[in-house]
Structures are given as C-alpha cells and as structure tokens.
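**Q** Have a look at this one.
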Amino acid sequence: MRPPAFWANAPDQPGIMARILSPLGGVYAAATARRLQTPGYTAKIPVICIGNLNAGGTGKTPTTIALIERLAQRGHGSVHIVSRGYGGRMSGPIRVDPARHTAADVGDEPLLLAAFAPTWVSKDRAAGVKAAEQAGATAIVLDDGFQNSSVSKSLSIIVVDAGQGFGNGCCIPAGPLREPINTGLARADFLLSIGTPPNQNRFNALWGSNITLPHLTGHLAPLKMGMDWHGLRVLAFAGIGHPEKFFTTLRGEGATIAATIALDDHQPLTPALMQRLHTQANTLHAQLVTTEKDAIRLPDSFRTEGLTLPVRLQLQDWSPLDEGLTKLGL
C-alpha cells in the first residue's frame, strides 16, 4: 500500500491527521525505545548496519551493494550480508542460492544481493549473524535492523531519500518515522542522504539543524550496459518504495514514456498481472521495462519479455566512511 499523503507534508505543517494521530505516534516511538533496551548478540567480527528512520524505501539496497563493492576494493572479499528477507516464506537462517531460491522463498532484495556477496535470510537476525560467522564471514553487512536490538552494531549508517527527507517529522502512524529523528541519529555513526543536488539542498534546509553526525551524500546513477534508451518507447512499471524515481531516471536516459505503472513495494508480479502489462505494452507499441529489484520477481515465462535498468549508488566522498571502516580493521 502507498503511504498516506500527509506523511509527506512539511515538518512545520504536518497536517490535521498527523496532529490527531500524534499520540499514537508517541506510543509507537516508546515501544521502539523499549525494544532497543535489550542487549543484543555481539559478533566476533564487525557488523555494519544499513538502516533507516523512515518506513519504506530509502535506498538501503543500493547502499548495501555499494558498501560490499567498496569493501572488496579494500581487500575484503569475505563479507556476508544478513537480511530479514521481507516478503519471503523462509524463516532461516538459510544462505540464499539464486539457482534454487525464488523471491517468494527469500524475498526480492536478498535474491538480488546474493549476486554481490554471500547472503543469509533469517527472521532472527542474531541467528543469521551467527550462521554467517560460522560460514567464515570476516565482516557482516546487516540489511536493515537499525531498530532491532538482537544484534550489536559496530557501525550504523542511516539512509534517507533526500527528496522525501523525514516526511512530516512524525512517528508512525502520524508520519513515516520508526522513531524520533534525534533519537535515531544519536545512535548512528553516519547519515547518508541520496538524491539530486536540488533535493540535497532542500534536505539540508529542512533537516540540517538535526544533523550532528558525519553526513554523506550520494545519488543513484544508471549502470552503463551499452543500452541506448534514447527514443525507445516504453511502458515502465516498478514496485519499489518510490516508483516515480525510476520513471524520472528513465526519462533522464532519453526513453519515451508511453505509460507508467506504480505498484506497491515488493508487490508480487503474478502471471495475470504481467499478462495485463504485456497486453497494455503491445497496445501502446511499447517495450516493458522495470527495475533490477522488480526483475527478480518476474515469473519465468516473462523473464525475456522486458528490459531492466539497473542503478548504482555514487557517493560524493567516500573518505569519512573509509575512515570508519579503517577503525574497524576493514
């Protein structure tokens, strides 16, 4: 389901619904704080958490991929990923095998991440970390789990979409936040905002006074694969946190957008849904195109019917994070 529109209001004008729901937001924030009081499992190797304060997509998956690639460049090729496996039926801990598992088994994000590093799915994150340790991991990247205390973190990176910011600044259900901004940032080591320069400027204007920790900035850029998108007529569909970002990227690559279909995040791509999209694309004389994460969920019969536009995170300056990794021995 799409988040309520008032979640995106400016923090100084959260809206009447946010004000009505703010007591429930306080209850939610208090429950999160209580959960975090329980000491977690401390691994014998570094655990780096890629988390967020907002519910929904902020760019954690591209950040995880970028961090794995950076660690490999620094000579650490035995880094494992541990994920809860949202949307998958398996509880784990189980190591993801792309040749055997589907998105319905382990979730779309772990299946995508498994192409970059050994990836474990575990509803019990501590059990997943222990399994990765026993399998020979020299470091672990924890995909999400910043508000989960079952594992102690060596370093935590909060990821936020610069365009969305922290929404109206309220906690669920009054706003998009899992916990208050200052409380969450106080536990983190880095804040990473992802977006275009105008969105970064707006983010700083709205939230700069809350930022007291190192602030990294980056943007998502299409992965160059030799595909010429200019003039290509497409029907674009995406089931990610903010589908409009994908559509904007396609336009930026020169594609002609015949239609856009915004699906729910992680929405199953059933054969019936894909047949409907395929028929619509044929009617519009357009090519189906989707995101890398959505392509993971495509039914086998449609895997050759569409194109994929992968994106990768580009950081403006890696040096502050490199220093943090060096302190961990990575």
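The values are calculated or read from the model by the stated rules, or taken from the named source; none is laboratory data. This is a predicted model, so every value here is computed, not measured. All Cβ positions, even for glycine, are placed from backbone atoms using ideal geometry, and neighbour counts span all protein chains on display.
**Q** Please name all residue pairs, on different chains or six or more residues apart, with Cβ atoms under 7 Å, provided the first residue is in the stretch 99-110 and is without any contact (Cβ under 8 Å) to a residue 24 or more places away in the chain and the second residue is surrounded by 21 or more Cβ atoms within 10 Å (Cβ to Cβ).
**A** Hits for this filter: His101/Leu111; Asp105/Gly88; Val106/Gly85; Val106/Gly88; Val106/Val96; Val106/Val121.
**Q** Residues to consider are Phe190, Phe166; find the one that is in contact (Cβ under 8 Å) with a residue 24 or more places away in the chain, surrounded by fewer than 19 Cβ atoms within 10 Å (Cβ to Cβ) and not assigned by TED's automatic domain parsing to the domain that holds Gly252. So that I can check it myself, show each step before the final result.
**A** Numbers: Phe166 fails: surrounded by fewer than 19 Cβ atoms within 10 Å (Cβ to Cβ).
After applying the criteria, what remains is Phe190.
**Q** I'm trying to understand the selection: among the residues of the stretch 72-92, which are closer than 22 Å to Asp124 by Cβ and either in a helix (DSSP H, G or I) or of a type in the set (Ser, Thr, Tyr) (or both)? Reasoning before the result, please.
**A** Filtering the stretch 72-92 down to residues closer than 22 Å to Asp124 by Cβ leaves 79-92.
Scanning the stretch 72-92 gives Ser83, Tyr86, Ser91.
**Q** Hey, can you tell me all the residues within the stretch 280-306 that are surrounded by 16 or more Cβ atoms within 10 Å (Cβ to Cβ) and part of a helix (DSSP H, G or I)? Reasoning before the result, please.
**A** Of the residues in the stretch 280-306, the ones surrounded by 16 or more Cβ atoms within 10 Å (Cβ to Cβ) are 280-281, 286-299, 302, 306.
Within the stretch 280-306, Gln280, Ala281, Glu292, Lys293, Asp294, Ala295, Ile296, Phe302 meet the criteria.
**Q** Tell me which residues, restricted to the stretch 240-257, are modelled with pLDDT under 95, of a type in the set (S, T, N, Q) and either surrounded by fewer than 16 Cβ atoms within 10 Å (Cβ to Cβ) or in the same structural domain as Gly163 (by TED's automatic domain parsing) (or both).
**A** Thr248
**Q** Scan the stretch 321-330 and tell me whether some residue there is surrounded by fewer than 17 Cβ atoms within 10 Å (Cβ to Cβ), in contact (Cβ under 8 Å) with a residue 12 or more places away in the chain, under 28 Å from Arg84 (Cβ atoms) and among the hydrophobic types (A, V, I, L, M, F, W, C).
**A** Yes, the conditions are met somewhere in the stretch 321-330.
**Q** May I pose another question? Go through the stretch 236-285 residue by residue and tally those that are of a type in the set (A, V, I, L, M, F, W, C), closer than 23 Å to Lys224 by Cβ and in contact (Cβ under 8 Å) with a residue 40 or more places away in the chain.
**A** The first filter runs over the stretch 236-285 and keeps only residues of a type in the set (A, V, I, L, M, F, W, C), leaving 236-238, 240, 246-247, 250, 255, 257-259, 261-263, 269, 272-274, 277, 281, 284.
Narrowing the set further to residues that are closer than 23 Å to Lys224 by Cβ leaves 236-238, 240, 246-247, 250, 255, 257.
Applying the additional criterion that residues be in contact (Cβ under 8 Å) with a residue 40 or more places away in the chain yields 236-238, 240, 246, 250.
Of the residues in the stretch 236-285, 6 are of a type in the set (A, V, I, L, M, F, W, C), closer than 23 Å to Lys224 by Cβ and in contact (Cβ under 8 Å) with a residue 40 or more places away in the chain.
**Q** What is the number of the single condition among (1) within 19 Å of Arg178 (Cα to Cα); (2) part of a loop (DSSP other than H, G, I, E, B); (3) aliphatic (A, V, I, L, M); (4) touching an Asp or Glu at 6+ places or on another chain (Cβ under 8 Å) that Ala10 does not meet?
**A** The failed condition is (4).
**Q** Would you pick out the residues in the stretch 180-213 that are charged (D, E, K, R) and more than 19 Å from Gln13 (Cα to Cα)? Lay out the reasoning, then the answer.
**A** Filtering the stretch 180-213 for residues charged (D, E, K, R) gives 187, 189, 202.
Across the stretch 180-213, the qualifying residues are Arg187, Asp189.
**Q** Tell me yes or no: at least one residue of the stretch 173-184 is touching a strand residue (DSSP E or B) at 6+ places or on another chain (Cβ under 7 Å), small (Gly, Ala, Ser), outside the structural domain of Leu277 (by TED's automatic domain parsing) and outside any loop (DSSP other than H, G, I, E, B).
**A** Checking the stretch 173-184: at least one residue is touching a strand residue (DSSP E or B) at 6+ places or on another chain (Cβ under 7 Å), small (Gly, Ala, Ser), outside the structural domain of Leu277 (by TED's automatic domain parsing) and outside any loop (DSSP other than H, G, I, E, B).
**Q** Go through (1) in contact with a helix residue (DSSP H, G or I) (Cβ under 8 Å, 6 or more places away or on another chain); (2) exposed (fewer than 15 other Cβ atoms within 10 Å of the Cβ) one by one and return the number of the condition Thr260 breaks.
**A** In the conditions (1) in contact with a helix residue (DSSP H, G or I) (Cβ under 8 Å, 6 or more places away or on another chain); (2) exposed (fewer than 15 other Cβ atoms within 10 Å of the Cβ), Thr260 misses (2) alone.
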